[in-house]
Amino acid sequence: MWCYRNKKLKKIIKAVMPYGLILYMAKSRCRKEELKRCGILYPEDTFYVIRRPEPGAGLFSNFRWVLGHILYALEKNYIPVVDMQNYKTYYNEFEPINGSKNAWEYYFEQPEPYTLEQVYKGKNVVLGEMAYLYDRVPSFLETEEQIARFNGVISQYMRFNETTRQAVNDAKS
């Protein structure tokens, strides 16, 4: 993984894009996982904040990104939570949608029953690495075992919210 701190790369980026857009994106890719002590609540739990470099990407790309990070969080016994409120995507709106400014919550429920406000008051908060976890989500599912595993994780942790479920049911009718 490359980092904006590389002076040679920094010069190349400025030469290619004088307005700093690529430099900004390079900074985002450099953000590693880090543990934060945000508050005193939930001292026995460790929350894993799934975040994506701005501006994110398409809906299914964001979905696959979150899936990879949920799998990682579960392996580490962390509680996953998706933050697309403080780490913006193309989908963020100025006004709340379905009562939320978190773009993930426009369509989906949080993986676990915690709000961002609760999580950021937690004692142990891991800000997830802003990198795609290629090794966690293969491009093609080849075996019944892989399909069953991913279906289980998706159905348990990546549920549509009530508004989305209702829209899907209305479209089926």
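Structural remarks
- Residue within the range 10-33 that is at pLDDT 50 or above and surrounded by fewer than 16 Cβ atoms within 10 Å (Cβ to Cβ) present: yes
- Scope the range 49-73; condition out of contact with any strand residue (DSSP E or B) (no Cβ under 6 Å at 6 or more places or on another chain) and free of Cβ contacts under 8 Å to residues at least 60 places away in the same chain; matching residues: E54, P55, G56, A57, G58, L59, F60, S61, N62
Okay, residues lined up against (1) within 24 Å of E54 (Cα to Cα); (2) open to solvent by less than 70 Å² (accessible area, probe 1.4 Å); (3) at pLDDT 95 or above; (4) out of contact with any helix residue (DSSP H, G or I) (no Cβ under 9 Å at 6 or more places or on another chain):
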position	(1), (2), (3), (4)
E93	yes, no, no, no
G99	yes, no, no, no
F108	yes, yes, yes, no
Y114	yes, yes, yes, yes
L133	yes, yes, no, no
G152	no, yes, no, yes
M158	yes, yes, yes, no
Q166	no, no, yes, yes
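The values are calculated or read from the model by the stated rules, or taken from the named source; none is laboratory data. This structure is a prediction, so every number in the text was calculated from the model and none was measured. Note that we place each Cβ from the backbone using ideal geometry, even for glycine, and neighbour counts take in every protein chain shown. Each accessible area value is taken on the protein alone, full model and side chains, heavy atoms only, with ligands, DNA and RNA left out. Shrake-Rupley method; radii C 1.70, N 1.55, O 1.52, S 1.80 Å.
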